[in-house]
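Here the structure is laid out as structure tokens; the discussion comes afterwards.
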Amino acid sequence: GGSGPADVAVYFDAIIAERYPVEAARAVLRIGGPRPLDRLYGDDEKAMARAFERFDAIIALNAELFLRASRVHRNVHLVPNALDLKAWSPASRKPEDRPFTVGFAASLKSSAEAEVKGFEIAKAAAARAGVRLLLVSKGSGQIPHDRMIPDFYSRIDALVAPYGPGREGTSNVIMEALALGIPVVTTVHAGYHGEALVDRKNALICERDEIAFAEALSFLQR
């Protein structure tokens, strides 16, 4: 309630930090994905180092971002996104009797976002495998987050995430699906999950094309 500077300012990403600087005793920057760094600094590590000087700490959502930030800042921490596992557990789902259905959830506000999220690959793979595709995206038909378990995750048998390079930090939908016990089909480009998941152990990691994803979906139906 005071009029002076805040004790700590936490910035959601680098672009927000550049556009909306806040006076604070300490500042923390969260790096949610590589795209803001690419847009602001490209390969210029000296420019990134100068920009990062004002932050007391950096939070990186995956190992790639952690290493990138560590080259220019002394105090970087790897902290992927997290969930309340009591709320997000297999018991929270209420599966219904229906045909095998795969889910795709991502922002499709532009053709560039649709491409990097792999929407066309997901759609083509579902058609090739002969399964239903349930799409959730931002916009007028967006499902509120507190309704995602009953209205999305309880209505799918697998999650498809054909992500391309250069976008993901920690994918919330992959994290949520895994916590709920839903099989995930994704790529090595899925940020933290692409780094941490092991193919055929805790996910299906595929080449980024419709045939590979269709084969994975057929495998899950056996």
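The values are calculated or read from the model by the stated rules, or taken from the named source; none is laboratory data. Note that this is a predicted model, so its numbers are computed, not measured. Positions of Cβ are generated from backbone atoms using ideal geometry, with glycine treated the same way; all protein chains shown enter the neighbour counts. For accessibility, only protein heavy atoms count, side chains too; no ligands or nucleic acids. Shrake-Rupley method; radii C 1.70, N 1.55, O 1.52, S 1.80 Å.
Quick one: what pairs do we get from region 194-215, first residue within 18 Å of residue 130 (Cα to Cα), second modelled with pLDDT of 95 or more and part of a loop (DSSP other than H, G, I, E, B), C-beta under 8 Å, 6+ apart or different chains?
If the second residue must be modelled with pLDDT of 95 or more and part of a loop (DSSP other than H, G, I, E, B), the pairs left are 212/206; 213/162; 213/206; 215/206.
When only residues in region 110-133 that are farther than 25 Å from residue 150 by Cβ and part of a loop (DSSP other than H, G, I, E, B) count, which is modelled with the lowest pLDDT?
110
Scan region 41-50 and tell me whether some residue there is within 20 Å of the chain's Cα centre (by Cα) and open to solvent by less than 80 Å² (accessible area, probe 1.4 Å).
no
Only one of these is open to solvent by less than 70 Å² (accessible area, probe 1.4 Å), more than 21 Å from residue 164 (Cβ to Cβ), touching a Leu at 6+ places or on another chain (Cβ under 9 Å) and of a type in the set (A, V, I, L, M, F, W, C): 17, 63. Name it.
The match here is 17.
Looking at region 105-119, I want the residues that are under 24 Å from residue 182 (Cα atoms) and among the β-branched types (Val, Ile, Thr) and have a partner that is open to solvent by less than 50 Å² (accessible area, probe 1.4 Å) and modelled with pLDDT under 90 with Cβ atoms under 8 Å, at least 6 apart or on another chain. Which pairs are those?
Pairs found: 116/166.
Can you pull out every residue in region 84-93 that is within 23 Å of the chain's Cα centre (by Cα) and either open to solvent by 50 Å² or more (accessible area, probe 1.4 Å) or polar (S, T, N, Q) (or both)?
Result: 84, 85, 86, 89, 90, 92.
Output the residue which, of all residues in region 134-193 that are open to solvent by 10 Å² or more (accessible area, probe 1.4 Å), assigned to a loop (DSSP other than H, G, I, E, B) and of a type in the set (Ser, Thr, Tyr), is farthest from residue 32 (Cα to Cα).
This residue is 140.
Name the residue, out of 96, 53, 23, that is at pLDDT below 95, loosely packed, with under 12 Cβ neighbours inside 10 Å and more than 25 Å from residue 148 (Cβ to Cβ).
Sole residue among the options that is at pLDDT below 95, loosely packed, with under 12 Cβ neighbours inside 10 Å and more than 25 Å from residue 148 (Cβ to Cβ): 23.
Taking residue 22, is it out of contact with any Ser or Thr (no Cβ under 7 Å at 6 or more places or on another chain), β-branched (Val, Ile, Thr) and more than 18 Å from residue 169 (Cα to Cα)?
Spelling it out, residue 22 is indeed out of contact with any Ser or Thr (no Cβ under 7 Å at 6 or more places or on another chain), β-branched (Val, Ile, Thr) and more than 18 Å from residue 169 (Cα to Cα).
Working carefully through the options 205, 143, find the one that is of a type outside the set (Asp, Glu), within 16 Å of residue 101 (Cβ to Cβ) and touching an Asp or Glu at 6+ places or on another chain (Cβ under 6 Å).
143
Please go through region 116-125 and pick out each residue that is surrounded by 20 or more Cβ atoms within 10 Å (Cβ to Cβ) and either of a type outside the set (A, V, I, L, M) or over 21 Å from the mean Cα position of the chain (by Cα) (or both).
Scanning region 116-125 gives 117, 118, 119.
Starting from region 71-85, take each residue that is under 30 Å from residue 178 (Cβ atoms) and list its partners that are of a type in the set (Ser, Thr, Tyr) and surrounded by 14 or more Cβ atoms within 10 Å (Cβ to Cβ), counting only C-beta distances under 7 angstrom and pairs at least six apart or across chains.
The qualifying pairs are 76/70; 80/170; 80/192; 81/170.
With the checklist (1) at positive phi; (2) touching a Lys or Arg at 6+ places or on another chain (Cβ under 9 Å) in hand, flag the one item residue 42 doesn't pass.
Residue 42 satisfies all of (1) at positive phi; (2) touching a Lys or Arg at 6+ places or on another chain (Cβ under 9 Å) except (2).
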